[in-house]
Amino acid sequence: MSNTLSKTVQIDKNGGPEELKIVELEVGEPGPGQIRIKHHAIGLNFIDVYQRSGVYALPMPLTMGMEGAGVVEAVGEGVTHLKVGDRAAYAGNPPGSYCERRVMPAMTVCKLPDNISFETGAAMMLKGLTAQYLLRRTLPQGGLQAGDFVLFHAAAGGVGLIACQWAKALGLQLIGTAGSDAKCQLAKEHGAAYVINYNTEDFAARVKEITAADNAKKGLKPGVKVVYDSVGKDTWDKSLDCLLPFGLMASFGNASGVVPPFAPGSLGAKGSIYVTRQTLFSHISSREATQAMADELFAVVTSGAVKIRIDQRYPLADVQQAHRDLEARQTTGCSIITL
């Protein structure tokens, strides 16, 4: 294939959704360790907002997007796990999925099972792999056992709805928070054991009420073993108050703003709390790790234990509106760009 033009979303500087422009870029042949993929659907994620706005600083001009699904058109030297014609899906660096086709590293691209659609593949990779590393790899001291309480913020979002279902399949009691009664109901329908509207309730006090009786039977104080938090600044302090001694505060995003500096000594006073800041990209830093995580995600989806809910679909031309909706927290479940 000779070089061809691909409609691609790019920004020249950080700013609001108005900085997202559709340009035509040439796409050539893949080099060693690369593939060329023609997208059928593209995933939208809050990390895209961080990159566009400058919370995560990246070189300009920047092609946007971290997730997609489509068909492999060409394979570079040394790529053995994919071939031309394979259905494939991925989440990972470098950004650039908001386009018709692209050349990219093959390492994080996985063959998509035939019984998973392109739209589902595009919607689930980043969010599903995130839920996988949180519930299966980011664990408090002693791990998690069936019956344990966990607190999951933004439970009606893309990651949250997957986590609600996966936690239920693991036998965990997930307490989900969300910003409206409708979103709380959605999390409940997807497997959350308890839900809290953090705009109308004190979620820390409510968590202690929910956990008091069960924990007392185990000789524990009210609280949860782990908090999974992608909200950041607005939920941070009260989340620490929800944790049992030696509990784990697992931060993986900052939708409400970056968490301000805090004194490490405060963690001791709250019960020798552990704090970690997780990113998907640390977990998918090798082909073997990426495939192992994807295999587990594909298994829970194909079994029906986890259903991927796509609530918003935007054509590529409406990418600015997609970002406005994401930033305003007007979305639920997963969002995709269609081609």
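Scanning the range 239-278 for residues that are touching a Gly at 6+ places or on another chain (Cβ under 8 Å) and either farther than 25 Å from Gln132 by Cβ or touching a residue at least 40 places away in the same chain (Cβ under 8 Å) (or both) turns up Cys242, Pro245, Phe246, Gly247, Gly253, Asn254, Ala255, Gly257, Val258, Gly271, Tyr274. Looking at the range 61-94, which of the residues that are of a type in the set (Gly, Ala, Ser) and within 22 Å of the chain's Cα centre (by Cα) is surrounded by the most Cβ atoms within 10 Å (Cβ to Cβ)? Among those residues, the one meeting the criterion is Gly68. Scanning the range 172-184 for residues that are buried (at least 17 other Cβ atoms within 10 Å of the Cβ) and either part of a helix (DSSP H, G or I) or in contact with a Gly (Cβ under 8 Å, 6 or more places away or on another chain) (or both) returns Leu172, Gln173, Leu174, Gly176, Ala178, Lys183, Cys184.
Looking at the range 297-318 only, could you name the residues that are of a type in the set (Phe, Trp, Tyr) and either within 23 Å of Lys188 (Cα to Cα) or crowded, with 19+ Cβ neighbours inside 10 Å (or both)? Residue satisfying the conditions is Phe298 alone.
Could you tell me whether the range 95-116 includes any residue that is small (Gly, Ala, Ser), over 24 Å from Gln51 (Cα atoms) and within 22 Å of the chain's Cα centre (by Cα)? No. Would you mind stating whether Thr211 is farther than 24 Å from Gln330 by Cα and of a type in the set (Ser, Thr, Tyr)? Spelling it out, Thr211 is indeed farther than 24 Å from Gln330 by Cα and of a type in the set (Ser, Thr, Tyr). Only one of the numbered conditions (1) part of a loop (DSSP other than H, G, I, E, B); (2) touching a His at 6+ places or on another chain (Cβ under 7 Å) is violated by Asn93, and that is (2).
Residues are listed down the side, and each one gets a yes or a no for (1) in contact (Cβ under 8 Å) with a residue 40 or more places away in the chain; (2) assigned to a strand (DSSP E or B):
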site	(1), (2)
Leu186	yes, no
Ala192	yes, no
Arg206	no, no
Ala213	no, no
Tyr228	yes, yes
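Filtering Asp295, Asp241, Asp318 for residues that are modelled with pLDDT of 95 or more, over 25 Å from Gln51 (Cβ atoms) and over 19 Å from the mean Cα position of the chain (by Cα) leaves a single hit, Asp241.
So which residues in the range 156-171 are surrounded by 24 or more Cβ atoms within 10 Å (Cβ to Cβ) and over 16 Å from the mean Cα position of the chain (by Cα), if there are any at all? Scanning the range 156-171 gives no hits. For Ala123, the conditions (1) at pLDDT 95 or above; (2) not in a helix (DSSP H, G or I) all hold with the exception of (2). If we scan the range 134-155, do we find a residue that is within 15 Å of the chain's Cα centre (by Cα), outside any helix (DSSP H, G or I), surrounded by fewer than 24 Cβ atoms within 10 Å (Cβ to Cβ) and at pLDDT 95 or above? Yes, the range 134-155 contains at least one residue that is within 15 Å of the chain's Cα centre (by Cα), outside any helix (DSSP H, G or I), surrounded by fewer than 24 Cβ atoms within 10 Å (Cβ to Cβ) and at pLDDT 95 or above.
The values are calculated or read from the model by the stated rules, or taken from the named source; none is laboratory data. Remember, predicted model here, so these are calculated numbers, not experimental data. For neighbour counting, all protein chains shown are included, and Cβ atoms are generated from backbone atoms with ideal geometry for every residue, glycine included.
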